[in-house]
Amino acid sequence: MKLYQVPNYEAARLKAAGLIAAQINVKPDSVIAWPTGGTPVGVYEHLAALYNRGELDFSGITSFNLDEYCGLADDAPQSYHYFMDEQLFSKVNTAKDRQFFPDQNAVDINQACQDYDAKIAAYGGLDLAFLGIGVNGHIGFNEPDTVFSAGTRCVPLTESTIQANARFFDNADEVPRDAVTMGIKTIMSAKKIILVANGPAKREIMEQALCGPITPDVPASILQVHPDVTVIWSHA
Ligand code: F6R
């Protein structure tokens, strides 16, 4: 594991964007898993700036988002489809027909989740999974007491995640109770992983994830056994 401890969010987002840009420059047809939430916003902003300066070309990449809330329409303002379009896809030249999300509204959601993993495999597997981390140690929406061997699936959200994500909704009651998420097995199959953690609220769980036992109670702790993980961590 490579660990960059950086002084603040500004340094974190530039470091992460630089590493992601390098991945795309070295392998223009990279298959990339993207997170949503507060942490990646500044990273996406810098990636878009690199594109605008003509320093980065997204046309060859394929995107698979990590997760999506169940029950929201793709164009609902709180959906992760909408977030990705707002924060990154509409600002760069990713091919629209290679922007994939787990199907949160599929009639047969289990089949749709299996199909998502099969599609990732058909595209040659993930070259890079870019991750944030929840205050409870989740990656994607793999909540504590997770199953390390699970592929993409539908999961209930914990109260901690509902409260943490209420800031993106009018109130906590509006946060969907379930989500579809890439499983830990899917994430761990990525050739390279970059995790960004920012702010004092993440400090305790980061200490557990990086230095504590590898346990389903702290889903991110499984990253300790991945062969190519880069962690960018700012306490400020
Ligand atoms: C969302 C995702 C989550 C977030 C995590 C941290 O797509 O994958 O694991 O990365 O909840 O969210 P923020 O960055 O808002 O603290």
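The values are calculated or read from the model by the stated rules, or taken from the named source; none is laboratory data. Just so it is clear, the model here is predicted, and its values are computed rather than measured. Glycine also receives a Cβ, built like all others from the backbone with ideal geometry; neighbour counts cover every protein chain displayed. These accessible areas exclude ligands, DNA and RNA; they are computed on the full protein's heavy atoms, side chains included. Shrake-Rupley method; radii C 1.70, N 1.55, O 1.52, S 1.80 Å.
General observations
- Within segment 34-47, the set of residues being of a type in the set (Gly, Ala, Ser) and either within 9 Å of the ligand (Cβ to nearest atom) or open to solvent by 20 Å² or more (accessible area, probe 1.4 Å) (or both) comprises 37, 38.
- Test result for residue 90, outside any helix (DSSP H, G or I) and modelled with pLDDT of 95 or more: no
- Tally, over segment 147-194, of residues that are over 18 Å from the mean Cα position of the chain (by Cα) and aromatic (Phe, Trp, Tyr): 1
One line per residue, one yes/no per condition, for (1) β-branched (Val, Ile, Thr); (2) in contact with a Pro (Cβ under 7 Å, 6 or more places away or on another chain):
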{"position": "165", "(1), (2)": "no, no"}
{"position": "179", "(1), (2)": "no, no"}
{"position": "184", "(1), (2)": "yes, yes"}
{"position": "194", "(1), (2)": "yes, no"}
{"position": "200", "(1), (2)": "no, no"}
{"position": "211", "(1), (2)": "no, no"}
{"position": "217", "(1), (2)": "no, yes"}
{"position": "223", "(1), (2)": "no, no"}
{"position": "228", "(1), (2)": "no, no"}
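- Qualifying residue in segment 54-64 (condition: open to solvent by less than 30 Å² (accessible area, probe 1.4 Å) and within 12 Å of the ligand (Cβ to nearest atom)): yes
- Filter result for residue 71 (on the phi > 0 side of the Ramachandran plot, within 13 Å of the ligand (Cβ to nearest atom) and in a loop (DSSP other than H, G, I, E, B)): no
- Number of positions in segment 112-132 that are open to solvent by less than 50 Å² (accessible area, probe 1.4 Å), more than 16 Å from the chain's Cα centre (by Cα) and of a type in the set (Asp, Glu): 0
- Of the candidates 57, 97, the single residue that is in a helix (DSSP H, G or I) and farther than 13 Å from residue 182 by Cα is 97.
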